Amino acid sequence: MFYPRMFWRVLIHPGEVALYTRRELGKDLEHRFSDAISPVLMLILSVAIAHALEMALRMSSPRLSTPVGQLLFSSEQGLLLTRSAVFCVYALGAALGTLRRQRLPVNRETLREPFSIQAFVACPFVVALALAQAATASPMQAGQFTAPAIGVLAVAWYLWARMRAFVALNGGSALRALGSVVVSFLLTTIGLVGLFAAVIL
């Protein structure tokens with residue numbers, strides 16, 4: 001019940017969700033997110049939904065011959081854990097960038113708020129990318145154009161949502177915030193691609 005309602009809030013009002021998360025984390029542990037779903041659980045459910053969509057469409061997993069590639073992609077459990085790790089890295093990268101800008105030390109206390117906010121923001125991004133991947137498996141000719149369009153929209157929304165969350169929490173120029181978000185996103189993406197290339201190929 002709480003998942004679709006929170007998903008809609010994140011999709012339409014990511015800045016308000018960022019402020020809501022900050023308020024909730026200021027409460028006692030037993031009273032946090034009492035009218036919603038916790039950010040980490042929502043991210044895990046989003047990854048599970050994306051994985052379920054892939055299974056429902058009987059999409060084939062990547063076939064890799066290396067031991068690490070087989071470990072990460074040869075089973076449903078490995079693929080699910082790999083996808084979870086990837087999107088957690090995006091949330092973690094954004095959270096670490098926040099701490100760096102604020103010149104705060106990295107520990108569990110300082111990391112909790114920015115990571116929770118970024119976990120919420122990543123959820124529609126996860127589902128949208130799964131829809132883009134599903135479109136590539138479509139037998140219809142339109143799928144060839146639909147999949148890239150959904151993928152581009154997913155990235156554009158994700159950058160916009162992170163920018164709105166940044167401005168809501170810190171104020172300042174939206175353009176400057178967007179620039180910071182784009183740089184962070186590109187660095188995280190390049191890092192992930194490089195890591196997978198190093199351990200899989």
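Can you name every residue in the stretch 85-127 that is aromatic (Phe, Trp, Tyr), touching a Leu at 6+ places or on another chain (Cβ under 7 Å) and at pLDDT 90 or above? Across the stretch 85-127, the qualifying residue is only Phe115.
Residue-wise test of (1) in contact (Cβ under 8 Å) with a residue 40 or more places away in the chain; (2) not aliphatic (A, V, I, L, M).
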| site | (1), (2) |
| --- | --- |
| Val155 | no, no |
| Ala161 | yes, no |
| Ala174 | no, no |
| Gly179 | no, yes |
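For the stretch 98-132, filtering for residues that are more than 23 Å from Leu53 (Cα to Cα), open to solvent by less than 10 Å² (accessible area, probe 1.4 Å) and aromatic (Phe, Trp, Tyr) leaves 0. Residues in the stretch 22-41 that are more than 21 Å from the chain's Cα centre (by Cα) and open to solvent by 80 Å² or more (accessible area, probe 1.4 Å) were compared, and the one that is nearest to Ile117 (Cα to Cα) is Arg23.
Arg162 fulfils the conditions (1) at pLDDT 90 or above; (2) open to solvent by 20 Å² or more (accessible area, probe 1.4 Å) except for a single criterion, (2).
Taking the listed residues Leu111, Leu96, Leu131, the one that is closer than 15 Å to Phe185 by Cα and out of contact with any Ser or Thr (no Cβ under 6 Å at 6 or more places or on another chain) is Leu96, with no other qualifying.
Working carefully through the options Leu19, Leu53, Leu45, find the one that is under 18 Å from Ala154 (Cβ atoms), aliphatic (A, V, I, L, M), open to solvent by 40 Å² or more (accessible area, probe 1.4 Å) and at pLDDT 90 or above.
Criteria check complete, one pass: Leu45.
The single residue among Leu71, Leu81 that is surrounded by fewer than 16 Cβ atoms within 10 Å (Cβ to Cβ), under 17 Å from the mean Cα position of the chain (by Cα) and at pLDDT below 85 turns out to be Leu81.
The values are calculated or read from the model by the stated rules, or taken from the named source; none is laboratory data. Only a predicted model underlies this, so the values are computations on that prediction, with no experimental measurement involved. Methodologically, a virtual Cβ is constructed for each residue, glycine included, from the backbone with ideal geometry; neighbour enumeration extends over all protein chains shown. Keep in mind that these areas ignore ligands, DNA and RNA; they rest on the heavy atoms of the full protein, side chains included. Shrake-Rupley method; radii C 1.70, N 1.55, O 1.52, S 1.80 Å.
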